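Heads up, the thing below is written out as structure tokens.
The values are calculated or read from the model by the stated rules, or taken from the named source; none is laboratory data. All of these numbers come straight from a predicted model, not from anything done at the bench. Virtual Cβ from ideal backbone geometry, glycine too; neighbours counted across all protein chains shown.
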Amino acid sequence: MRIAAINHRAHLVLDDGAVDLEQASGGRFRSDLMEAIARADEIAAFAAQSELVGAPFDVLELTCPVPRPSQVVAIGVNYADHATEMGIDLAPEPVVFTKFPTCIAGPNEVVTLPNNTVDWEVEMVLVMGRDAFQLTEEEAWDAVAFVTVGQDLSDRDLQFAAGRQFALGKSRPGFGPIGPWLVTPDSLPNRDDLQLTCSVDGEVVQDGRTSSMIRPVSTLLAEVTQYLELRQGDVIFTGTPSGAGMGRTPQRYLLPHETLVSTIEGIGTITTTFVDGR
Ligand code: ZN
């Protein structure tokens with residue numbers, strides 16, 4: 001099952017288009033995306049029982065599918081090749097930071113570049129289907145309602161200023177675009193082995209597989225929830241493979257008018273563009 005925000009209203013995405021969830025269900029479900037995430041199982045049952053006919057839509061009408069997460073958790077250095085390129089030693093504990101929720105944006109975001117050190121990181125993003133604390137590895141995937149594509153955009157100057165300011169450097173407006181829609185893990189070819197790529201103006205800069213994660217989803221959720229209570233609708237960025245601009249020789253960062261395209265197999269593609277705010 002795929003659920004999208006189209007002009008900020010929850011829609012079921014079908015092979016032939018999309019249907020407005022509130023209208024198609026006669027008001028049983030509402031248009032709010034956070035409510036749709038909370039009621040994902042009921043919506044899946046409704047969709048399976050109903051003869052729904054989709055209507056075409058423009059991808060530019062897609063808006064943020066998780067508009068109000070209470071927390072956004074991000075995992076650092078979860079791919080060994082990215083740790084190497086960033087010069088970060090692997091620790092036995094997970095590297096966890098937050099992106100403040102106000103940076104979360106949609107799949108067609110136009111981001112203002114504050115300086116010359118804004119970098120890309122394509123990541124698989126999890127959306128929690130229920131509150132979760134101290135999950136076992138066996139329980140972990142069942143607590144995930146949806147996955148989606150995300151970009152963990154980072155202002156590297158700010159991120160590494162005054163020691164480490166990950167939360168600030170990764171939370172400027174628009175620095176957490178996600179989308180294009182929400183996909184249930186059971187509709188993926190293999191939820192633990194998906195290709196993820198990103199390109200800048202058509203040049204592929206990242207090309208990895210989620211099966212290369214140091215901590216796969218089940219492990220990282222079990223570890224993070226040992227310490228942190230997650231809430232339904234929370235968003236988890238699961239780390240990026242190699243190819244970030246900071247790790248390149250020479251380093252490369254995003255420029256005004258460049259287009260960043262991020263894709264995960266079985267989920268979809270988001271497109272982020274940049275304007276000059278320097
Ligand atoms: Zn990241």
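Residue count for the stretch 64-77 under the criterion of being modelled with pLDDT of 95 or more and crowded, with 19+ Cβ neighbours inside 10 Å: the result is 8. Within the stretch 91-103, take every residue that is at pLDDT below 90 and in contact with an Asp or Glu (Cβ under 8 Å, 6 or more places away or on another chain) and give me the one that is nearest to the ligand (Cβ to nearest atom). Top of the filtered list is P94. Remark: F133 falls outside the filter, which requires a residue to be within 15 Å of the ligand (Cβ to nearest atom) and over 11 Å from F237 (Cβ atoms).
Return yes when T240 is in contact with an Asp or Glu (Cβ under 7 Å, 6 or more places away or on another chain) and more than 29 Å from V110 (Cα to Cα) and no when it is not. Here the answer is no, as T240 does not meet what is asked. Does A47 satisfy the criteria of being within 27 Å of G163 (Cα to Cα) and either within 22 Å of the chain's Cα centre (by Cα) or not acidic (D, E) (or both)? Spelling it out, it is not the case that A47 is within 27 Å of G163 (Cα to Cα) and either within 22 Å of the chain's Cα centre (by Cα) or not acidic (D, E) (or both). Kindly indicate which of T249, T269, T259 is without any contact (Cβ under 8 Å) to a residue 24 or more places away in the chain and among the polar types (S, T, N, Q). Answer to the selection: T249. Pairs linking a residue in the stretch 70-91 that is in the same structural domain as V127 (by TED's automatic domain parsing) to a residue that is aliphatic (A, V, I, L, M) and surrounded by fewer than 14 Cβ atoms within 10 Å (Cβ to Cβ), with Cβ atoms under 7 Å and 6 or more positions apart or on different chains, are V77/I88; V77/L90; A83/L90. What number goes with the only condition from (1) surrounded by fewer than 20 Cβ atoms within 10 Å (Cβ to Cβ); (2) touching a helix residue (DSSP H, G or I) at 6+ places or on another chain (Cβ under 8 Å) that I236 does not pass? Of (1) surrounded by fewer than 20 Cβ atoms within 10 Å (Cβ to Cβ); (2) touching a helix residue (DSSP H, G or I) at 6+ places or on another chain (Cβ under 8 Å), only one is false for I236: (1). Summed over the stretch 235-274, the residues that are within 19 Å of the chain's Cα centre (by Cα), away from the ligand (no atom under 16 Å from the Cβ) and of a type outside the set (V, I, T) give a count of 4.
Based on this model, can you work out whether T273 counts as hydroxyl-bearing (S, T, Y) and within 14 Å of V122 (Cα to Cα)? No, not satisfied. Confirm whether D58 is outside the structural domain of L126 (by TED's automatic domain parsing), within 20 Å of D131 (Cβ to Cβ) and of a type in the set (D, E). No; evaluated as a whole, the condition is false for this residue. Checking each residue of the stretch 159-176 against the condition of being within 16 Å of the ligand (Cβ to nearest atom), within 24 Å of L12 (Cα to Cα), out of contact with any Leu (no Cβ under 6 Å at 6 or more places or on another chain) and not assigned by TED's automatic domain parsing to the domain that holds A44 gives at least one match.
The residue that is farthest from A244 (Cα to Cα), counting only those in the stretch 60-90 that are within 11 Å of the ligand (Cβ to nearest atom) and outside any strand (DSSP E or B), is N78. Within the stretch 141-158, the presence of at least one residue that is more than 12 Å from the chain's Cα centre (by Cα), within 30 Å of L33 (Cα to Cα), more than 16 Å from the ligand (Cβ to nearest atom) and of a type in the set (G, A, S) is confirmed. A search for C-beta distances below 7 Å between a residue of the stretch 140-154 that is touching a residue at least 24 places away in the same chain (Cβ under 8 Å) and surrounded by 24 or more Cβ atoms within 10 Å (Cβ to Cβ) and any residue that is part of a loop (DSSP other than H, G, I, E, B) and among the β-branched types (V, I, T), counting only pairs 6+ apart in sequence or on different chains, returns F146/T184; V147/I267; T148/I267; V149/I267; D152/T240.
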